[in-house]
Structures are given as structure tokens and as C-alpha cells.
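Q: What follows is a single structure, and I will ask about it in a moment.
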Amino acid sequence: LLNQRKIPPRDPLYVKSTYLTHHKPPPCESNKQTNKQTMVETLLPSRFQSHLQKLDPKRRLLTSTIASHKTLLFAFLWIAAFASVFLWQRPSYIGGYVVGPVAGGRFTVFGKVKPLQPVPRLRPAVFDLKEFGGVGDGVAVNTEAFERAVVEISKLGGGGGGQLNVPPGRWLTAPFNLTSHMTLFLAEDCEILGVEDEKFWPLMPPLPSYGYGRERPGPRYGSLIHGQNLKDVVITGHNGTINGQGQSWWKKHQRRLLNNTRGPLVQIMWSSDIVIANVTLRDSPFWTLHPYDCKNVTIRNVTILAPVTGAPNTDGIDPDSCEDMVIEDCYISTGDDAIAIKSGWDQFGIAYGRPSTNILIRNLIVRSVISAGVSIGSEMSGGISNVTIENLLIWNSRRGVRIKTAQGRGGYIKNITYKNVTLDNVRVGIVIKTDYNEHADDNYDRKAYPTLSGFSFSGIHGQGVRVPVRIHGSEQIPVRNVTFRDMSVGLTYKKKHIFQCSFVKGRVIGSIFPRPCENFDVYDEEGRLVKPATESTVPDIDYDI
């Protein structure tokens, strides 16, 4: 059999597997013992097999057992010794170089270190933060080093700009600004750390479309990495990290010890041609990534993390009055909305008048135990339109996708498309809420009613969902032109009001599960009307489930 398979006959793994596969154990107990003995003999080297044949059966069995146990013990000790080469050591940084048997958290074998990925040259001029006095020990404050580097790059705009490489290490810093035609490159095993003391975070005027700080009246704290009135800015790397160290901010906010609104982790304002890719953002004091009134923005392959509880308002990505934007291939798990599209707050947003429009969100995995996977609003007073959300997985979340607004917001939300959305263990799948009554002040216009129309949901699937749909319009803010197609959601709650509607009109195409409420016209797949809607103005909303 060995010769037929052309496998070396001394391969013990093959001999053992062949024996077990092609020999059925005989029913006799003595034969079972003989077979066990044969397997042990086969696994022993030939010089031991000849000696074993000279022994009586009892001693042969005893010797075989001892040999087997010794083999197992030797294998265990060998694996343990080999593993000790890999584990329980940490990297060191001397003179800017990674030294020691383990470098940057990577495994090594006998002192050979896997080299760091080479940093690509993305601009004509390339600088290293250490050239400006940076020290990546997690203790020294590097604000001045970042500022000197940015000033140097700001001189190179006419020649294609400059690239600032942040090498492996832990680079503590207070907030700093970027400049146009700049690439901030975070190397593998690099971590930029925000200082925790708020006295080092500058105060800025409120956003013009908000009128106030989002949490407190008056000025707001700036972001850790900030830029405004810029063009051609890239933040990228080999998955280096920007860490806001937000734990102290969250505690102070919960204890009401802060007099101003917390700052985002990264905020780019009034800028265009922005790319953020291949980095990790974590533990922001407030919203994590906040592009404000920007055009032509790409966010790709970004990981955003914060504790799912105890990290208030740590939204992942908040496009705010932005146009022509793509968010794709990201993983987001935070303490609030993973994504929240905004465009200003009440009378201030109406006056500012900048919509969020032409936004594509695709290929994301998101989680939000507190809020929703993808939200639109509630600050939407400048208008939100032409948004496509596709290939989205939402898991272990309170809500899947949510649209939220209120009386006094004004503005509009229209032409929103959801395609191929998977809900996995989500309490409420689809939410449209029109009474989200948080206001900047008491001077908002009570007659400023937002308009909501043009929502398409197709390819909505999942399991472990308690309430698949909850659309809560009102007499003043009805929800119009809603379409459902190809929907099948597994339920965990058997109460009949699992498809909840109020002041909504739309249509269902084909068969969907669960059965929709009576507010929808039902069409077959060929577009023929099967059942007309029954007009209902009686709220069918149950917030207890």
C-alpha cells in the first residue's frame, strides 16, 4: 500500500492514518489490544522494534506504553521550549530602531526579526518626525515636533507637498493642525496619543451650523488632529493608530465636570480632496471622525473602535454638510452611532444652508449597542439627499439603520437607498423617527417641519431581530414614498406589532417577511397592484418592545 501511494514508508503519520482508515477493529478484546500494540510498534524507529520483538507480550506492552508516553512528553517539552522563544517579551526602541528578540509585537525565530513594512514615498519630499525632535516613548510630548514638521511641509505646496512619516513608537501630543498637500503616514506599530489634560486642548468657536457647542453653550474643544480650508490632504499608513485616550473625557462628561463641548479625534473643515485610509482610530473624546463642509472625501479601510458602553457620543464617522463622499471597507464598533450623516442644527443649520449630498457607504461591518449602525440626522436642517448604503452588516446593536428628525429642524431627507443590509441580533432593524426633540435653544422655529420622502429598502435580511420596522411619522411630518422589496428577517419576539407604522405611505414589491402594515400598497414582482393600502392615521408604535 505504501509503495502504491509512493509515500516514504518511514512517515509515521501516514502509517498511522492508513492503519486507522483501512483496518476495522476486530470485535475480540485481545485483538484490540494487539492492534494498539501494532500501532505503537509502527510509530517506533526500527532499532527499537527489533528489541521489542524479543520481549514477552506484557513487557512489550509496558515498554510500548512507556515509549509512547515519553514521545508525548518530549513533544510537549519541545513545543513549550520553542514557544518560549516567541512569547513573554516586548520590543525596545533604541536610537529609533527596533531591537530585541521581539520587535513591534511580531513573532521572531531565534532572534530573526520580521522587518517592518517599508514606508512608500507618496510625496516629492519626505520627512520623519524624529528629524523635528520627536520622541516615541509615550511620555515625551511631541506637539512642537508635529508643528515644526507641518510648517516645513506648508512651504512645499507648489512642488507637490510633503509626507510626514510617524515611525513605530508611542507619540504623545496635544492637538495640532495639518496643512494642504500633506500626507500624514502612520507606520506599522505607530500610535499617536492625545494628551488627557483638557487644558492642552484649545477652544474653538461653535460650528456655524450649530450655533452652540453640541453639549454646552459657548466655545468647544478642538480636535486632536485638525485642519481647515485645506486641499489635498491624506492620512494613511500601515494601520498605525490615532488614540484619543478618551477615558478621562468620558468620566468628566458623565460627572458634568466639563464646561465646554468635547472635541473630536479628527476634524477636517471647509476642505476638499481628502483621503483617510488604512489607519485605526480609537477612544475619541467625542465624535471620532468629523468631516465638516467638505467636498470629495474618501474614507477607506479604516478601523474605528471605542467601548460599546461607557464611551458617550463616540460616533464613528459623522459626515456633516459634506458633498461627494465615499465611505467603504471599514469596521466600526463604538459607543454611539457607527455613522451619522448630519447637516446642521435647527435655525442655525437652516441659515447655514449646506446639505449633505451624494454620499456612498458600502462594504461595512458596524456595531452600536447604544444607538444605530447607520443614522441620518437628527441634525439635518441643511438637508440630506442622494445617499446610498449597500453591503452593510450590523451586528449586536440596538438599532440597525435609523433616520431621526423633529419639529423645528426644517430641511429635508430624500432619496435614500439601502441595499443588501444584514441584521444580526439587532433589537430594531429599520427606524424612522420624527420626534427626536433635542434643540440648540428655545428659539427654534416651531413651524419648521422637515420633509421626508423617497426611501428604498431592498435585500434586507437577518436573524435575531425583535422589531424589523418602526416608522413613526406624524400629521405634521408624514413619511412618503417608502419602498420595501426582498426582505426576510428572522424574529425573536412574537408580538403581532412587529412591523410598526404611523403616518407613512409607500409600497411593497413581491413577498416580504414579516407582513407589512396596512399603510403600504402591495405589488407583485411584475409590478401589478395586488392589494391597495388602507389609509391609517392611528399610531401603531410600541416603544416597549
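The values are calculated or read from the model by the stated rules, or taken from the named source; none is laboratory data. Quantities reported herein were computed from a predicted structural model and do not represent experimental measurements. When we count neighbours, we look across all protein chains shown, and the Cβ atoms used for this are built from the backbone with ideal geometry, even at glycine. Surface accessibility is based on the protein's heavy atoms, side chains included, excluding ligands, DNA and RNA. Shrake-Rupley method; radii C 1.70, N 1.55, O 1.52, S 1.80 Å.
Q: Using just the alpha carbons, could you tell me how many Å³ per residue the convex hull of segment 132-241 encloses?
A: 114
Q: Given a 1.4 angstrom probe, what's the average accessible area per residue across segment 412-483, in square angstrom?
A: That works out to 42 Å² for each residue.
Q: Oh, and also: Starting from the residue with the highest accessible area, list Thr334, Thr298 in decreasing order, probe 1.4 Å.
A: Thr298, Thr334
Q: Further question: For all pairs of alpha-carbon atoms in segment 454-519, what percent lies in each bin of width 10 Å, listed from the first bin to the last filled one?
A: Over segment 454-519, the share of Cα pairs per 10 Å bin runs 21, 54, 24, 1 percent.
Q: As a test question: what accessible area, to the nearest 10 Å², does Cys501 have when a 1.4 Å probe is rolled over all protein chains in place?
A: 0
Q: Now for a separate question. What accessible area per residue comes out for segment 297-408, rounded to a whole number of Å², with a 1.4 Å probe?
A: About 25 Å² of surface per residue is accessible.
Q: Continuing with the same structure: Rounded to a whole number, what is D in µm²/s for segment 135-191 from Stokes-Einstein with the Kirkwood radius over alpha-carbon pairs (4 °C, 1.567 mPa s)?
A: The Stokes-Einstein estimate is 110 µm²/s.
Q: Go through Val522, Val233 and list them by solvent-accessible area, largest first, probe radius 1.4 Å.
A: Val522, Val233
Q: Which order do Lys295, Lys414, Lys155 take by accessible area at a 1.4 Å probe, largest first?
A: Sorted by accessible area, descending: Lys155, Lys295, Lys414.
Q: Do me a favour and compute the ellipsoid semi-axes for segment 406-545 from its Cα gyration tensor, root of five times each eigenvalue, largest one first, whole Å.
A: Semi-axes from the Cα gyration tensor: 26, 18, 14 Å.
Q: Could you compute the net charge surrounding Gly349? Neighbours are other residues with a C-beta less than 9 Å from the C-beta of Gly349; K and R count +1, D and E count -1.
A: Once positives and negatives cancel, what remains is +1.
Q: Can you tell me what the convex hull of the Cα atoms of segment 341-440 projects to on average, as an area in nm²?
A: The directionally averaged projection comes out at 5.8 nm².
Q: What value in Å³ per residue do you get for the convex hull of the alpha-carbon atoms in segment 435-491?
A: For segment 435-491, the hull spanned by Cα atoms encloses 112 Å³ per residue.
Q: Also, I was wondering about something else. Out of the chymotrypsin sites (Phe, Trp or Tyr not before Pro) in segment 437-495, which ones are loop residues according to DSSP with at most 16 other C-beta atoms within 10 Å?
A: Sites meeting the loop and neighbour criteria: Tyr493.
Q: So what are segment 264-344's ellipsoid semi-axes, whole angstrom, largest first, if each one is the square root of 5 times an eigenvalue of the alpha-carbon gyration tensor?
A: Ellipsoid half-lengths, sorted descending, are 20, 14, 10 Å.
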